[in-house]
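J.: Please find one structure pasted underneath; my questions will follow.
Every number here is computed from the coordinates shown, using simple stated rules; none is lab data. No experiment lies behind these values; they were computed from the predicted model shown. Because the Cβ atoms are built from the backbone with ideal geometry, glycine has one as well, and the counts that use them run over all protein chains shown.
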Amino acid sequence: MIPAFLAAWFKPAPDSSAAEIMRRQKSPWTDGVHLLWTVWVFITPLFGSGYTWRWLAITAVTYPVFVALYAKTLLAPRRTSYRYALGMVALCLVLMPVYPAGISYFVFGCVMLRTFRNRFLFGYLVQVALLNAVFLAVATWSGYPWQAMIWVPAMTLIIGIIVNVERANLEKDVALKLSHDEVRRLAATAERERIGRDLHDLLGHTLSLITLKLELSRKLFDRDPEASRREVEEAERVARHALMEVRSAVTGIRATDLAAELASARLMLESSMVHLEYETPPGLPAEIERGLALVVREAVTNIARHARASQAQIAFACEGGAVQLRIVDNGDGGIVADGNGLSGMRERVAALGGTLSIDSPKGQGTRLLVRVPVKPPRSLPAVEGAPPAEAEAPAETPRLRAV
């Protein structure tokens, strides 16, 4: 059992580096791999006085202290994590006259200053330069060789710059993902508000009219049954018309804009380090556009999660009365059976009367081809002189307005 005080001491702070790693669904021990560089603590004696009992005793005492300080730089709040990094530096400076292997502690301390929050690269470099000046003074006083005066400052600066640039890029990726999620959330909120307003405008007046006509029918029921029946019929017509408008509105709500889905796909893949190229989709009927948008969403999700690709492409082509959607990636390939995602895509394409084929040689990426027939618009017969498909609709509308 770990003592309670020790468990509390090593509990990640909410704004610590370890907590940030855990929020990205990764193990908090991820940064522990960097401790492999401390192998220099154990091989430095090979280049100097060799392994001695004094070296063994100092290592047995100081190495656990160093590991604890390293852990605290990752677990402590950002505003105080620098203290533990400076603790590593101080540990090295104190031991330098008798323990050259402790130089590794100095390098780690300089690099781990990056965990301090709101630290710009320039400010970090200034601090590392100051620490190196102190190191050079102590090293000169302790009689270290000139080679150490060169490689230690150079190593701390180079490794520090590399680590800080990588961290800055990671923070930008995280910020991009959060921005993407926030845009989706705000868009969903705005869409819900729009739907609420549309349904209120659509049904508010209609339901009031139906209520008024039914009340009038009830009052006329005994005095004028024929007029009462007409009011009930008018209320029925109004209700049917409202039902038709609701169905039309729901169809529009369910429709997914293909262009917006492609833009969302680029954001998703770019955050997964996959470069996406896509073409502007052609004008398509809403039903086909909705189906292809869902296919694109599922295919892009599979690329981001499973393909391990670096590039992807989405292209459209219209030929022979059909639209073709081609989705290509340069990932692992090797798809030999339909999973849930691919089965769902086949069902959506089949519902549109189309076909889906997939070519996925192992190690050569995946090529997905969807072909969907595009039916001519229903209004085309009217151009040729044939009666319109919904000629009765205009006849009902004036009656409703007259009511």
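J.: Of the peptides 54-62, 42-50, how do they stack up when ordered by the mean number of other Cβ atoms within 10 Å, highest first?
T.: Values: 54-62: 13.8, 42-50: 12.0.
So the peptides 54-62, 42-50, ranked by packing, come out 54-62, 42-50.
J.: Using θ = phi - 60° and the Karplus form 6.51 cos²θ - 1.76 cosθ + 1.60, what ³J(HN,Hα) does each residue of the range 333-338 get, whole Hz, x for Gly and Pro?
T.: Listing the rounded values in order: x, x, 7, 10, 9, 6 Hz.
J.: Once label points are set 7 Å from the Cα along Cα→Cβ at both Thr189 and Arg308, what is their separation, rounded to one decimal in nm?
T.: Distance between the two pseudo-spin positions: 4.0 nm.
J.: Now a separate question. At 7 Å along Cα-to-Cβ for each site, give me the label-to-label distance between Ala129 and Cys318 in nm.
T.: Each label point is offset 7 Å from its Cα along the Cβ direction, giving 6.2 nm.
J.: While we're looking at this one, here's another question. Given H placed 1.01 Å from N in the peptide plane, which residues other than close sequence neighbours of Ala322 have an amide H under 5 Å from its amide H?
T.: Amide H neighbours of Ala322: Val374.
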